[in-house]
Amino acid sequence: MSSYQDWERTSLRLFWIDLDLENPRLEANPKTQNEVLDILLESRFKLAELAHSIASNGFTPLDNIIVFFNEIDGNYIVLEGNRRIAALKLLLNPRQARKKETEAKFEKLASGISDDIKNELVDVEVIIAPSREAADKLLLNRHTTKPIESWSPTMQAKFVCEKAKQVGFSKAPQKLGVSSEDLSKFVTRYHYSKLAEALLQDEYIENVFPITNLERVLSTSETREYFGLDTSKLEEFYITTNPEQFKKSFKIILTAVNDRKIHSRTLNKVIDTREWIYANVPKPRSQKKKTSFKTLLKLPSRSKTSHTSSRNEPSKAPQTKLFPKDLECKNNLPRLTKITDELKKLSVKTYPNAVAILFRSFLEIASLSYIDYGGYREAFERFKATRNNRNKGDLSVAFGFLGDQKNKALPKDLAQVVALFKNKKEFNSIQTMNEYSHNGQMVPTSTDLFDIWELTEGYVRHILKRD
């Protein structure tokens, strides 16, 4: 395997890079790029401050951005630098923030950046790792031994435990570059954090819960025996006490830790911990049968919160076709109806090139048809004959006309969407759609196409109506 020094250094277009759904900073399990952005936009990630710094001082990648090529989706995924890539994406396309207040904040930041600087931000210097696994050891070392936006203790534990499961716990020390003792600490922390999340539910906030205080309470064999904790096997922890009693008693400890009622100062000595537990926590009844943490976390509680119910509801099936089944084409052009039907059937993941080119054709035909249907043809021809539009293609001119609110061809909100789609210089733009058709190096991905559809869906539904 090549060393880090041998990894390729190059420049990539920003819209070729996806945020990492497996980023250890994310306590949730996002399924889409939009969900990752929603999480990163939470105040604790300080994305607005980072974007403000980039807008004010420019983007200087002093710390390397590391990506790897995901062959399944045909896109690059950022392993190191998710916050920076997210900030760049939002500066170049504030609408990705999706919430009006947040979108307005990034639009204000973006308005202070010249077009020349924006064009420079489209290309990002990166280091390409051969694979996600090849970067694991480097990232773990970076975020556990160096003070560079270090991962929280829970982030570190989650990263190490999940990687250990993949490579095998016996091989993990060598593969990840950690000692067997440190591996044990990380895995123990992970199991404890999952237990805390399950029992505290809404009260548990990952990366805020003081996991090290809980570890201190459970650091002695006497305390672990009191609860019946068997931590001898890293692959899975067990309890040897009644599950229902264990959960009730252990939750008392978790609540006290979470509320900062017990910590290193209040329980400074082993005897302090012992006395506090004996005085405040009922001892669970022992039993011969072992219960794994995995089984324990699945056992229903007698009182479930709405938080638990929502997490157990079946998730909505992911969209696989660009056009949803409920999209109706009431246009009288037979070809447009056929294209609409085909885009309801073609899998975006399997046929991204065909979908991209077909969708571009759809947008052009549907937009021109809408102009004719609305009685805007004469005004459109005058617009097309102007100096700035004389040599442009029909799709670009149509969007320029429809996006101009003076023409009143669309409701204000849709005109703004069209204008944005027309004028952007990257991601979610006509330029991107044109490159899909004419640039042999431009490879569409399912993520790109679904993001474009999300932006244009309201417009498409509007122009297909015949009210």
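The values are calculated or read from the model by the stated rules, or taken from the named source; none is laboratory data. Predicted model only: the values in this text are computed from it and were never measured. Neighbour counts run over all protein chains shown; Cβ positions are idealised from the backbone, glycine included. Only protein heavy atoms, including side chains, enter the accessible area calculation; ligands, DNA and RNA are left aside. Shrake-Rupley method; radii C 1.70, N 1.55, O 1.52, S 1.80 Å.
How many percent of the accessible area of the range 173-254 is carbon or sulfur, using a 1.4 Å probe?
So the carbon and sulfur contribution to the accessible surface is 46 percent.
How tilted is helix 412-423 with respect to the longest principal axis of the chain? Cα atoms for both, answer in degrees (0 to 90, nearest 10).
Once rounded, the angle reads 90 degrees.
If you roll a 1.4 Å probe over the heavy atoms of the protein chains, what accessible area per residue do you get for the chain, in Å²? List each step's numbers first, then the result.
Details: 24390 Å² over 467 residues.
Here the per-residue accessible area is 52 Å².
Can you give me the relative contact order of the chain as a percent, contacts being Cα pairs under 8 Å and 6 or more apart?
12 percent
So for the pair His462, Arg274, with labels modelled 7 Å out along Cα→Cβ, what separation do we get in nm?
7.3 nm
Pairs to check: Lys248/Lys298; Lys137/Lys233; Lys261/Lys298; Lys175/Lys294. Give those whose C-alpha atoms are more than 21 Å from each other in this structure.
Over 21 Å apart, Cα to Cα: Lys137/Lys233; Lys261/Lys298; Lys175/Lys294.
If each of Lys298 and Glu215 carries a label point 7 Å out from its Cα toward its Cβ, how far apart are those two points in nm?
Those two pseudo-labels are separated by 2.9 nm.
Evaluate E = 1/(1 + (r/R0)^6) for Tyr351 and Lys288, where r is the Cβ-Cβ distance and R0 equals 45 Å; express this FRET efficiency to the nearest 0.05.
On the way: r = 57 Å, r/R0 = 1.27.
Rounded to the nearest 0.05, the efficiency is 0.20.
Between Glu133 and Gln405, what length comes free when the chain is fully extended (0.36 nm per residue of separation minus the Cα-Cα distance, one decimal in nm)?
On the way: separation 272, 0.36 × 272 = 97.92 nm, distance 5.05 nm.
92.9 nm is the gain from fully extending Glu133 to Gln405.
Any idea what the dipole of the chain comes to, in debye rounded to 20, about its Cα centre with Lys/Arg Cβ at +1 and Asp/Glu Cβ at -1?
With only Lys, Arg, Asp and Glu charged at Cβ, the dipole is about 1260 debye.
Students sometimes get this wrong: rank Arg189, Arg335, Arg98 by accessible area, probe 1.4 Å, all chains present, largest first.
From most exposed to least exposed: Arg335, Arg98, Arg189.
Considering only the chain, what is the antiparallel percent among its DSSP beta bridges, to the nearest 5?
75 percent
Just from its helices, what would the mean residue ellipticity at 222 nm be for the chain, if runs of 4 or more DSSP H residues each count -39500 (n - 2.57) and the sum is divided by every residue, rounded to the nearest 500 deg cm²/dmol? Don't skip to the answer; put the middle values down first.
On the way: 22 runs with 251 residues, N = 467.
Result for the chain, helices only: -16500 deg cm²/dmol.
Out of the total accessible area of the range 1-137 (probe 1.4 Å, heavy atoms of protein only), what percent is carbon and sulfur?
The value for the range 1-137 is 46 percent carbon and sulfur by accessible area.
Which order, highest average first, do 6-17, 119-130 follow once you tally other Cβ atoms within 10 Å for each residue and take the mean per peptide?
Order by mean packing, descending: 119-130, 6-17.
For His438, put the label point 7 Å out on the Cα→Cβ axis and report which residues of the range 325-369 keep their amide N under 12 Å from it.
none
Please give, to one decimal in nm, the separation of the simple spin-label points placed at Arg377 and Lys233, each 7 Å out from Cα toward the Cβ.
In this crude spin-label approximation the distance works out to 7.6 nm.
Report the Cα centroid-to-centroid distance between the range 238-300 and the range 370-439 in angstrom, as an integer.
Cα centroid of the range 238-300 versus Cα centroid of the range 370-439: 64 Å apart.
Just to be sure I understand, if you calculate P(r) over Cα pairs in 20 Å bins from 0, in percent for this structure, which of (1) 20, 36, 36, 8; (2) 20, 45, 27, 8, 0; (3) 27, 58, 15, 0 do you get?
Matching entry in (1) 20, 36, 36, 8; (2) 20, 45, 27, 8, 0; (3) 27, 58, 15, 0: (2).
How do 285-291, 374-380 rank on mean C-beta neighbours within 10 Å, highest first?
374-380, 285-291
Which is farthest toward the positive dipole end of the chain among Thr266, Pro130, Ala356, measuring Cα position about the Cα centre, with Cβ charges +1 (Lys, Arg) and -1 (Asp, Glu)?
Sorting the options by dipole projection puts first Thr266.
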